[in-house]
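In what follows, a structure is listed as structure tokens, so that the remarks can point back to it.
The values are calculated or read from the model by the stated rules, or taken from the named source; none is laboratory data. The model shown is predicted, which means the values in this text are computed figures rather than measured ones. Don't worry about glycine lacking a Cβ; one is built from the backbone with ideal geometry, like all the others, and counts go over all protein chains shown.
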Amino acid sequence: MSTITLDAPPPIETQVGGVDYFSSTAERERQVALQPDERTLPLGPIKVVHAFWLAGMSCDGCSIAAVGATSPSVEDLIAGTIPGVPRVVLHHCVLSVESGEEFIRNYEMAEKDELGAPYVVIYEGSIADERIAAATGGYFSAMGVEKKADGTSRPIPSSEWLKRLAPGAAAVIAIGTCATWGGVPAATGNPTGSMSVMDFLGKDYRSSYGLPVINVPGCSPIGDNFTETVACTLLFLQGHGPLPEFDELGRPQWLFNETVHQHCVRAGYYEEGTFAKRYGEKECLVEIGCWGPVVQCNITSRGAINHMGGCMNTGGICIGCTMPGFPDRFSPFYEKPPGANISSTGSKVLGTFMRPLRRISQAYLNKETRWVRQGHVPSGWGHVEKPGPIMKLIHKMYVKYQFLGSRKTWKEE
Ligand code: SF4
Ligand code: SF4
């Protein structure tokens, strides 16, 4: 019996290089960036981009959506495997392995322009008016602390981080409806004075690369919408691509220019005027509260995660979560939208004529020409009824009309 002996692996330091666990990621990155790496292909002027994630009045759903993205994935961006797109160094208060001072040090370095690489700011959640909380000695959302002149410490509000980092950022990307339009925390009657990133930074804000705030809405957003927007923006910053097309509200135009309804799996039912009365039914959901015909969102074609799921695909109505008017202008939820009264009545009237006509055409198309010639359908699965004289006449007229102006290749018996 022979024995296989394995060599002991080399020490981890010789495999990955020495790691100073007590410095921040940004400090380590800067040291790495100083050493030219001949193994990598020339990328363009930008090798590395830092991404500073800030969270305001948020439920963390946007973070969850982003890490679920698949094309491209967050891992693709972090590993730098997308051709032409610089490697992303992500600083995220939940996903980063650092914590405390080492984590905050990254943000401080960005503020002081010490990174030696460009950075983008990603903001999740809406921005509360911290003056309201401060009046009673509190705060709404904050990250890290800093020493005050009197020796005590104070939490640094997320909004203050945004104010500090936005001027030097290559791009500011608002992710999710709270960050893009204020969302639920900014709904009428909220006590926090919450607002969107765009409202907070103002109309005249431009990043260091000249970009206004980029908005990727959704509650939660489709993760792929976000990562794709990041990748396209980085290609632009790199000089490898044009500025992606954004609409007048800063949404990626190619993702938000069509309505949910235009790609809905139930749109055929709407067109034929058949509507669900209860949840769980397969027809169009407009009469039980779907706002899809007027809402700009691509979830019906892209799916929620990995091209799967999505509201109507899984039985849910559209409550307009990607829209600036959400939630106020879409409430009360689960009630028929006012405009649907006109459009669904129109579809019902048209559908009354359309449906029987389509069933007639369907019966005609469900026959081999040979079966018609032979006068029967040789199926062992069930009895297929022969068309009656009226149906035969309709089919004859149908064929005549179908071949009007064309050479007919076969003859209806
Ligand atoms: S379920 Fe909504 S989006 Fe789908 S067809 Fe009906 S109205 Fe349109
Ligand atoms: S379909 Fe409507 S509710 Fe669903 S994600 Fe899109 S906008 Fe939001």
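Points worth noting:
- Unique match (being within 12 Å of ligand 1 (Cβ to nearest atom) and farther than 30 Å from Arg251 by Cα) among Ser379, Ser347: Ser347
- Restricting segment 162-192 to residues that are more than 17 Å from Asp60 (Cα to Cα) and out of contact with any Phe, Trp or Tyr (no Cβ under 9 Å at 6 or more places or on another chain), the residue that is surrounded by the most Cβ atoms within 10 Å (Cβ to Cβ): Asn190
- Note on segment 297-316: residues that are buried (at least 19 other Cβ atoms within 10 Å of the Cβ) and of a type in the set (S, T, N, Q) amount to 2.
- Scanning segment 34-50 turns up at least one residue that is surrounded by 10 or more Cβ atoms within 10 Å (Cβ to Cβ), at pLDDT 75 or above and within 30 Å of Val184 (Cα to Cα).
- Qualifying positions in segment 308-330 - closer than 23 Å to Glu281 by Cα and more than 16 Å from ligand 1 (Cβ to nearest atom): Met308
- Of the criteria (1) exposed (fewer than 13 other Cβ atoms within 10 Å of the Cβ); (2) β-branched (Val, Ile, Thr); (3) without any contact (Cβ under 8 Å) to a residue 40 or more places away in the chain, which one Ile319 fails: (1)
- Qualifying residues in segment 236-258 (those that are among the polar types (S, T, N, Q) and outside any loop (DSSP other than H, G, I, E, B)) - the one surrounded by the fewest Cβ atoms within 10 Å (Cβ to Cβ): Gln253
- Conditions (1) more than 27 Å from Pro356 (Cβ to Cβ); (2) within 16 Å of ligand 2 (Cβ to nearest atom); number of the one not met by Glu248: (2)
- Selection status of Pro293, at pLDDT below 95 and under 30 Å from Met354 (Cα atoms): no
- Only one of the listed residues (Ser196, Ser159, Ser153) is touching a Lys or Arg at 6+ places or on another chain (Cβ under 9 Å) and either surrounded by fewer than 18 Cβ atoms within 10 Å (Cβ to Cβ) or under 21 Å from Val121 (Cα atoms) (or both). That residue is Ser153.
- The lone exception for Ile305 - which of (1) within 16 Å of ligand 2 (Cβ to nearest atom); (2) modelled with pLDDT of 95 or more; (3) not acidic (Asp, Glu) it fails: (2)
- Checking Thr300, Thr233 one by one, the residue that is closer than 26 Å to Thr180 by Cα, among the polar types (S, T, N, Q) and within 16 Å of ligand 2 (Cβ to nearest atom) is Thr300 and no other.
- Residue that is more than 30 Å from Met195 (Cβ to Cβ) and near ligand 1 (Cβ under 9 Å from one of its atoms), where the choices are Glu281, Glu271: Glu271
- Every residue from segment 259-283 that is assigned to a loop (DSSP other than H, G, I, E, B), surrounded by fewer than 19 Cβ atoms within 10 Å (Cβ to Cβ) and within 12 Å of ligand 2 (Cβ to nearest atom): Val265
- Enumeration of residues in segment 46-86 that are of a type in the set (S, T, N, Q) and either part of a strand (DSSP E or B) or touching an Asp or Glu at 6+ places or on another chain (Cβ under 7 Å) (or both): Ser58, Ser63, Thr70, Ser71
- Leu350 being more than 50 Å from the chain's Cα centre (by Cα), modelled with pLDDT of 90 or more and either in a loop (DSSP other than H, G, I, E, B) or surrounded by 10 or more Cβ atoms within 10 Å (Cβ to Cβ) (or both): no
- Counted residues, segment 284-307 - those being within 11 Å of ligand 1 (Cβ to nearest atom) and either part of a helix (DSSP H, G or I) or in contact with an Asp or Glu (Cβ under 6 Å, 6 or more places away or on another chain) (or both): 9
- Of all residues making up segment 185-221, the number that are away from ligand 1 (no atom under 16 Å from the Cβ) and under 22 Å from Pro244 (Cβ atoms): 21
- Residue match in segment 363-372 (condition: part of a loop (DSSP other than H, G, I, E, B) and touching a residue at least 60 places away in the same chain (Cβ under 8 Å)): no
- Looking across segment 111-145 at every residue that is assigned to a loop (DSSP other than H, G, I, E, B) and at positive phi, the one that is surrounded by the most Cβ atoms within 10 Å (Cβ to Cβ) is identified as Gly125.
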